[in-house]
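Here the structure is laid out as structure tokens; the discussion comes afterwards.
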Amino acid sequence: MNNKNVSTILNQSTFSKEDIVFLLDLSSDNDIDLLFKKAYEVKLQHLSNKAYFRGLIEFSNYCIKDCLYCGIRKSSEVKRFLMSINDISKMSTWAFNNNYGSVTLQSGERTDKDFIEFSNQAIKEIKKVSNDALGITLCLGEQSYDVYQKWFDLKAHRYLLRIETTNEQLYKSIHPNDSLHSLSNRIDCLKSLKKIGYQVGTGVMIGLPNQTTDMLADDILFFKKMDIDMIGMGPFILSKDTPLYDKAISLGLDSTEAKKYRTLLSLKMIAICRIVLKDVNIAATTALQALDPLGREKGLKAGANILMPIITLPKFRKDYQLYDDKPCLDDTADHCKVCLSSRVHSVGDVIGFNKWGDSPHFKKRNLL
Ligand code: SAH
């Protein structure tokens with residue numbers, strides 16, 4: 001048992017696993033409020049009240065992986081699509097004209113030559129239409145060192161690869177048990193990305209079946225140990241027709257109460273990551289909004305500083321549903337811009353237009 005109280009812990013400069021579990025388990029409104037206030041304070045101290053946009057381009061849902069929770073897993077029967085480079089050009093031109101500092105390229109995972117070549121062209125196109133101005137974050141899964149290097153050479157400079165969970169047993173329970181779905185390979189990928197010189201982001205799903213706050217505390221300590229620059233994480237959301245759906249239903253994870261718990265736990269994770277890791281970029285993800293209409297605003301208030309407005313062309317959105325009730329499916333990029341801008345302003349933050357908004361942690365670690 002931790003004999004300290006919440007204020008004592010929040011004023012520490014370093015945190016033990018026990019402290020982190022204590023904060024994750026906070027239950028009184030008053031204590032949780034103190035946690036979020038502290039996290040927002042740390043955000044202002046180490047970053048600012050600027051939120052940066054990464055226009056999210058979800059360019060393909062073909063996937064070689066069969067993750068048990070994901071709506072576009074290999075075995076799911078969604079209609080598959082791959083955009084054209086012309087589509088990439090349209091979306092990135094829109095992002096550039098609308099003063100977004102960066103875009104994120106995300107897709108299902110593939111490692112074949114055609115996919116790598118398509119991604120090469122997409123990165124080049126984004127740089128071309130913006131005269132090199134748009135920053136690029138990639139979220140294209142596990143690739144070889146050489147492929148990561150090639151994309152870096154083409155000037156993609158950030159990479160987001162969620163570890164999903166650092167608990168070996170939990171990892172195995174949400175993925176097929178084969179070499180394509182290996183926790184240690186994912187960790188090796190993060191190491192390669194860092195060695196190449198990317199700003200490296202990772203993250204986990206929060207509220208997975210049988211996940212404990214003890215495991216989540218280990219995840220945060222992993223982010224620290226790996227000296228991670230960026231974090232993208234959000235609540236686990238049920239996705240119909242996936243193997244994890246039935247298990248989640250049987251555990252009651254679809255109830256209003258359970259969803260509330262996962263949203264709150266996700267916000268606590270953001271706040272604790274801000275307090276423990278201080279100067280990293282942290283995204284308030286779309287998944288937060290899927291469970292709570294005000295989820296992303298609450299994320300900013302709990303210490304997040306990055307938003308990923310979806311700029312995927314509307315005709316592709318319904319086929320890129322990783323989970324159920326994904327918001328913004330009927331919106332256009334214009335809607336998403338107006339909507340997210342008002343969300344940012346409503347919490348007293350401002351948008352850092354035309355700026356990359358790189359992770360201060362990355363800059364510091366490169367000065368050392
Ligand atoms: N293929 C890429 C992109 C994956 S999609 C890669 O491997 O990095 C991006 C993220 O969506 C995943 O890392 C996962 O954390 C999240 N995701 C997928 N299904 C989800 C679900 N049912 N609930 C919540 N998040 C989910």
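For the reader, a short list of remarks on this structure follows.
- Meets criteria (open to solvent by less than 20 Å² (accessible area, probe 1.4 Å) and under 30 Å from His175 (Cα atoms)) for Lys74: no
- Yes/no for Leu244 being in a loop (DSSP other than H, G, I, E, B) and over 20 Å from Ile20 (Cβ atoms): no
- Condition check for Lys247: more than 15 Å from the chain's Cα centre (by Cα), within 28 Å of Asn366 (Cβ to Cβ) and either within 11 Å of the ligand (Cβ to nearest atom) or surrounded by fewer than 22 Cβ atoms within 10 Å (Cβ to Cβ) (or both): no
- Members of segment 299-353 that are hydroxyl-bearing (Ser, Thr, Tyr) and open to solvent by less than 40 Å² (accessible area, probe 1.4 Å): Thr312, Tyr320, Tyr323, Ser341
- Restricting attention to segment 223-234, the residues that are open to solvent by 10 Å² or more (accessible area, probe 1.4 Å), on the phi < 0 side of the Ramachandran plot and in contact (Cβ under 8 Å) with a residue 12 or more places away in the chain add up to 3.
- Of note, Ile231 satisfies the criterion of being in contact with a Cys (Cβ under 6 Å, 6 or more places away or on another chain) and modelled with pLDDT of 95 or more.
- The one condition in (1) under 22 Å from Lys37 (Cβ atoms); (2) among the charged types (D, E, K, R); (3) open to solvent by 20 Å² or more (accessible area, probe 1.4 Å) that Arg296 fails to fulfil: (3)
- Test result for Met205, part of a strand (DSSP E or B) and either open to solvent by 30 Å² or more (accessible area, probe 1.4 Å) or under 18 Å from Cys139 (Cα atoms) (or both): yes
- Screening Leu56, Leu44, Leu26 for residues that are within 30 Å of Ile174 (Cα to Cα), among the aliphatic types (A, V, I, L, M) and not in a loop (DSSP other than H, G, I, E, B) leaves exactly one candidate, Leu56.
- Count - residues of segment 146-181 that are at positive phi and surrounded by fewer than 17 Cβ atoms within 10 Å (Cβ to Cβ): 1
- Residues of segment 63-106 satisfying the condition of being within 16 Å of the ligand (Cβ to nearest atom), in a loop (DSSP other than H, G, I, E, B) and among the hydroxyl-bearing types (Ser, Thr, Tyr): Tyr69, Ser75, Ser76
- Cross-chain or 6+ apart pairs with Cβ under 6 Å, segment 252-268 first and open to solvent by 20 Å² or more (accessible area, probe 1.4 Å), then in a helix (DSSP H, G or I): Gly252/Ala258; Lys259/Leu291
- Residues satisfying the stated conditions in segment 1-17, i.e. touching a helix residue (DSSP H, G or I) at 6+ places or on another chain (Cβ under 8 Å) and not in a loop (DSSP other than H, G, I, E, B): Val6, Ser7, Ile9, Leu10, Lys17
- When the helices (runs of 4 or more DSSP H) confined to segment 267-368 are screened for residues that are over 30 Å from Phe22 (Cβ atoms) and more than 18 Å from the chain's Cα centre (by Cα), those reaching at least 2 such residues are found at 314-317, 333-346, 360-367.
- Residues satisfying the stated conditions in segment 210-240, i.e. away from the ligand (no atom under 11 Å from the Cβ) and assigned to a loop (DSSP other than H, G, I, E, B): Asn210, Gln211, Thr212, Met226, Asp227, Ile228, Asp229
- Test: residue in segment 37-47 that is over 18 Å from Ser239 (Cα atoms), surrounded by fewer than 20 Cβ atoms within 10 Å (Cβ to Cβ), within 16 Å of the ligand (Cβ to nearest atom) and not small (Gly, Ala, Ser): no
- Residue check for Ile32: away from the ligand (no atom under 16 Å from the Cβ) and among the β-branched types (Val, Ile, Thr): yes
- Some residue of segment 86-94 being over 12 Å from Ile311 (Cβ atoms), more than 19 Å from the chain's Cα centre (by Cα), open to solvent by less than 20 Å² (accessible area, probe 1.4 Å) and at pLDDT 95 or above: no
The values are calculated or read from the model by the stated rules, or taken from the named source; none is laboratory data. Not measured: the values here are computed from a predicted model. Backbone-built Cβ (ideal geometry, glycine too); neighbour counts: all protein chains shown. Ligands, DNA and RNA are stripped out before the accessible areas are found, and what is left, the full protein with its side chains, is counted by its heavy atoms. Shrake-Rupley method; radii C 1.70, N 1.55, O 1.52, S 1.80 Å.
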